[in-house]
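Colleague: Shown below is the structure under consideration.
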Amino acid sequence: MARGVHPGVRQMGAFFRLEARMTTTAREVLDFVKENDVKFIRLAFCDLFGMQKNIAIMAEELESAFEGGVSFDAHSIKGFKDVTDSDLLLYPDPVTLNILPWRAGPGRVARFYCDIKNPDGTFFTNDGRTILKNAAARADKMGYTCKVGAECEFYLFKTDDNGDPTLAAFDKGGYLDVLPLDKGEDIRREICLTLAEMGMQPEASHHEQGPGQNEVDFKFSNALEAADNLQSFKTVVKAIAERNALFASFMPKPIPDAPGNGLHVNLSLNQNGRNIFKNADTGEHSAVSENFIAGILSKSREITLFLNPTANSYERLGKFDAPKYVSWSPYNRSQLIRIPAAAGEKVRMELRSPDPSVNPYLAFSLIISAGLDGIENKTDLPPPVNMDLLAAEEAEKIKLERLPDSLTAAIGCAGKSEFIKTVIGENLFDKFLEAKQAEAVELEKAENRNEFYRNRYFSVL
């Protein structure tokens, strides 16, 4: 159990996160904050590139924040606004209340994710949470609820005497190893217990393939909650690692000759409360679920920039188990999309290309929207590619489309996409593209590619 949290707070935190996410009101939250010694409030959001930001206010200011928002300088946030029109407001979403267990009392700290609005009360169009809400609303109008579950990998590194990260991995363990090779068991346990205290339910955790590499998997939830949970997860992992004199890295490829960090995104569709990814009568996938998968495959090249948004991301793709081709197959881990072995409500598709450097709100919006386009257009699912693409001869793979193999290539694919503009808006699209083009130019000028990656990403992601 994480330290410094009263059992009543833990139970209430789970209540707000799991049972009342769609119904919790500001008044209920204010009463909870008053009754449970909450003194500080963090109002959290992220920039265009998924980097977590926050403003801290005293608990006495929360009611005012619900009513009129809390202003901030949007010009100072990458990709938001220019200096001539720089005011935006954060409005805490009451259903996202969490007590931060690692911030012990007295004077507990609560955290909300926020919607971002303009001074006139309209929603800021470049806010990823708003964009994801729109994608989920589109699914709802079509009669579907998209369920999302993330499998997120990270590395643990030792720190030096000053607490700064080193490049020395925490252990030399491999896939599913145990002590003494796996030294991360207690860290993962502390992470999972902390997540549970915050109302998030981890499903499984284990050592991954790389030295010091770990994975934690989440139960399925709706898309917005899944994106919020992923942001919370990264914060928890960083905090628990630091508390144990370690550094956690979500950089896509922190060790050049070791497996990269993946963010495998599992998706299914519910219709009238039932998972339609499995046809109960025939045991086959429903036509709608095949259209959904086909839609994602058809848009996979153009949305890669948002699923693998850093230059370092492309050091991971096509190596070890990370995909390289636009293909699918049941069970097969060498494919872009696979259908994991599962039964009943757990049947889903797994998209294996994304990495943890994503802005999850934009990434999930694009993935879901691509699938919905597939349903609307009745896009045919191509035949499965039932081969090990990691070991197959080039002649066997020659007809398969490839994912972009560099940031520059991904920019080229995205730049031609009208689909992306329709989902995230032209203004955000242009700003994201401009920033990534500048990043690609910086990489081209770098004398040492690995040094560029370390300096730009290692201590940040």
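Colleague: Which one of ASP355, ASP373 is acidic (Asp, Glu) and closer than 16 Å to GLY262 by Cα? Lay out the reasoning, then the answer.
Modeller: Numbers: ASP373 fails: closer than 16 Å to GLY262 by Cα.
Matching residue, one of ASP355, ASP373: ASP355.
Colleague: Out of (1) open to solvent by 60 Å² or more (accessible area, probe 1.4 Å); (2) closer than 16 Å to PHE40 by Cα, what's the single condition that is false for PRO92?
Modeller: If we test PRO92 against (1) open to solvent by 60 Å² or more (accessible area, probe 1.4 Å); (2) closer than 16 Å to PHE40 by Cα, just (1) comes out false.
Colleague: Within the bounds of region 147-160, is there any residue that is among the acidic types (Asp, Glu), crowded, with 18+ Cβ neighbours inside 10 Å and part of a loop (DSSP other than H, G, I, E, B)?
Modeller: No, because not a single residue in region 147-160 is among the acidic types (Asp, Glu), crowded, with 18+ Cβ neighbours inside 10 Å and part of a loop (DSSP other than H, G, I, E, B).
Colleague: Output the strands (runs of 3 or more DSSP E) that fall wholly within region 24-102 and possess 1 or more residues being in contact with a Ser or Thr (Cβ under 7 Å, 6 or more places away or on another chain) and in contact (Cβ under 8 Å) with a residue 60 or more places away in the chain, or say none.
Modeller: On the way: elements: 38-46, 52-58, 70-73, 87-92.
Ranges flagged: 52-58.
Colleague: Let me ask something else about it. Please work out which one of (1) closer than 22 Å to ASN134 by Cα; (2) open to solvent by 20 Å² or more (accessible area, probe 1.4 Å) is the condition PRO384 fails and give its number.
Modeller: Only one criterion is unmet by PRO384, namely (1).
Colleague: Next question. Are any residues in region 193-243 of a type outside the set (S, T, N, Q) and more than 21 Å from ASN261 (Cα to Cα), and if so, which ones? Quick ask: steps written out before the conclusion?
Modeller: Kept after step one, since they are of a type outside the set (S, T, N, Q), are these residues of region 193-243: 193, 195-200, 202-204, 206-208, 210-212, 215-220, 223-228, 230, 233-234, 236-243.
The answer is LEU193, ALA196, GLU197, MET198, GLY199, MET200, ALA223, LEU224, GLU225, ARG243.
Colleague: Only one residue in ARG348, ARG352 is closer than 21 Å to ASN386 by Cα, modelled with pLDDT of 95 or more and basic (Lys, Arg). Which one? Outline the logic, then answer.
Modeller: Values: ARG348 fails: modelled with pLDDT of 95 or more.
Selected residue: ARG352, the only one of ARG348, ARG352 that is closer than 21 Å to ASN386 by Cα, modelled with pLDDT of 95 or more and basic (Lys, Arg).
Colleague: Please verify whether region 300-323 includes one or more residues that are over 20 Å from the mean Cα position of the chain (by Cα) and closer than 22 Å to ALA136 by Cα.
Modeller: We begin by selecting, within region 300-323, every residue over 20 Å from the mean Cα position of the chain (by Cα); these are 318-320.
After this cut, where a residue has to be closer than 22 Å to ALA136 by Cα as well, the list is none.
For region 300-323, residues over 20 Å from the mean Cα position of the chain (by Cα) and closer than 22 Å to ALA136 by Cα: absent.
Colleague: So is ILE77 over 17 Å from LEU30 (Cβ atoms) and open to solvent by less than 70 Å² (accessible area, probe 1.4 Å) or not? Step through it out loud before you land on a result.
Modeller: Values: over 17 Å from LEU30 (Cβ atoms): yes; open to solvent by less than 70 Å² (accessible area, probe 1.4 Å): yes.
Yes, satisfied.
Colleague: While we're looking at this one, here's another question. Which condition number does LEU176 fail, the rest of (1) surrounded by 21 or more Cβ atoms within 10 Å (Cβ to Cβ); (2) farther than 26 Å from TRP102 by Cα being met?
Modeller: Exception for LEU176: condition (1).
Colleague: Taking region 226-240 on its own, how many of its residues are among the polar types (S, T, N, Q) and under 20 Å from LYS158 (Cα atoms)? If you could, list the steps in order and put the result at the bottom.
Modeller: Restricting attention to region 226-240, the residues satisfying the condition of being among the polar types (S, T, N, Q) are 229, 231-232, 235.
Applying the additional criterion that residues be under 20 Å from LYS158 (Cα atoms) yields 235.
Residues in region 226-240 being among the polar types (S, T, N, Q) and under 20 Å from LYS158 (Cα atoms): 1 in total.
Colleague: I would also like to ask the following. In this structure, is GLN201 touching a residue at least 60 places away in the same chain (Cβ under 8 Å), open to solvent by 10 Å² or more (accessible area, probe 1.4 Å) and under 17 Å from the mean Cα position of the chain (by Cα)? Before you say what the answer is, go through the steps one by one.
Modeller: Numbers: touching a residue at least 60 places away in the same chain (Cβ under 8 Å): yes; open to solvent by 10 Å² or more (accessible area, probe 1.4 Å): yes; under 17 Å from the mean Cα position of the chain (by Cα): yes.
Yes; evaluated as a whole, the condition is true for this residue.
Colleague: Take ARG108 and decide whether it is buried (at least 21 other Cβ atoms within 10 Å of the Cβ) and under 20 Å from the mean Cα position of the chain (by Cα).
Modeller: Considered against the rule, which asks whether it is buried (at least 21 other Cβ atoms within 10 Å of the Cβ) and under 20 Å from the mean Cα position of the chain (by Cα), ARG108 comes out as no.
Colleague: Separate question: Give the residues of region 116-143 that are among the aromatic types (Phe, Trp, Tyr) and part of a loop (DSSP other than H, G, I, E, B), sorted by residue number. Walk me through it before giving the result.
Modeller: The first filter runs over region 116-143 and keeps only residues among the aromatic types (Phe, Trp, Tyr), leaving 123-124.
PHE124, the sole residue that qualifies.
The values are calculated or read from the model by the stated rules, or taken from the named source; none is laboratory data. Computed from a predicted model, the values in this text were never measured in an experiment. Neighbour counts are summed over all protein chains in view; Cβ atoms, including those assigned to glycine, are modelled from backbone coordinates with ideal geometry. With ligands, DNA and RNA removed, areas are computed over all heavy atoms of the protein, side chains included. Shrake-Rupley method; radii C 1.70, N 1.55, O 1.52, S 1.80 Å.
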